[in-house]
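Quick notes on the structure that follows.
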């Protein structure tokens, strides 16, 4: 039986040429498939590019529209803030929400629109837009949850209100309304005579916010002091 010779070791240049000829051979045999794949890839890349460019344009437009609304909102002209002014300078929060809800400014507009509905005691619409908020901004997240707490209070659902306020107080440690939300949660639990939760939240308020202006107000709900 003849002995097998040792395999010939190829140089790097020869390996590259082998790969090249194999690739050319594969391409020749699969031209249509390769062209189809390349076309699909190009279409996907183009779609992604157009999507992000459109998002960027929408963000800029939504920011501009929201800035126009803010002067009415801050001034307490809530109807104009909601629907726009007669001069057409501002199109209003409802327009921004309807057309730019995929942007962060559109999400901020939802919370502001819900606040306006709360002012007019339209609790169902306020609840709708608070719940629909899905933005990333922690301040607006907290505000939306606190808004749901206020809606629940208006409907005498104090348990839901307390839970919403407590959630709102835990979104971000740096939120300026945490103390207020804790106070409202304590108050709602006290309405339910839920002394365990009252004690728990009073302790958190005292520990985390020892200089809070709400400590004096919450004293009447703190059963430890009775």
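Please treat every number below as a calculation from the coordinates, not as lab data. Given the structure is predicted, the values throughout are model-derived calculations rather than measurements. In this analysis, Cβ positions are derived from the backbone assuming ideal geometry, glycine residues included, and neighbour counts consider all displayed protein chains.
Report the Stokes-Einstein translational diffusion coefficient (µm² s⁻¹, integer) for the stretch 58-193, Rh taken as the Kirkwood radius over Cα pairs, at 20 °C with viscosity 1.002 mPa s.
Working: Rh = 15.1 Å.
Rounded to a whole number, D works out at 142 µm²/s.
As an exercise, use a Förster radius of 35 Å and the Cβ-Cβ distance of residue 173 and residue 89 to find the FRET efficiency, rounded to the nearest 0.05.
0.35
P(r) tail for the stretch 145-215, what percent of Cα pairs lie past 21 Å? Percent of Cα pairs beyond 21 Å in the stretch 145-215: 17. Paramagnetic label reach from residue 124 (point 7 Å along Cα→Cβ; backbone nitrogen cut-off under 17 Å): within the stretch 141-183, residues 151-152, 154-156.
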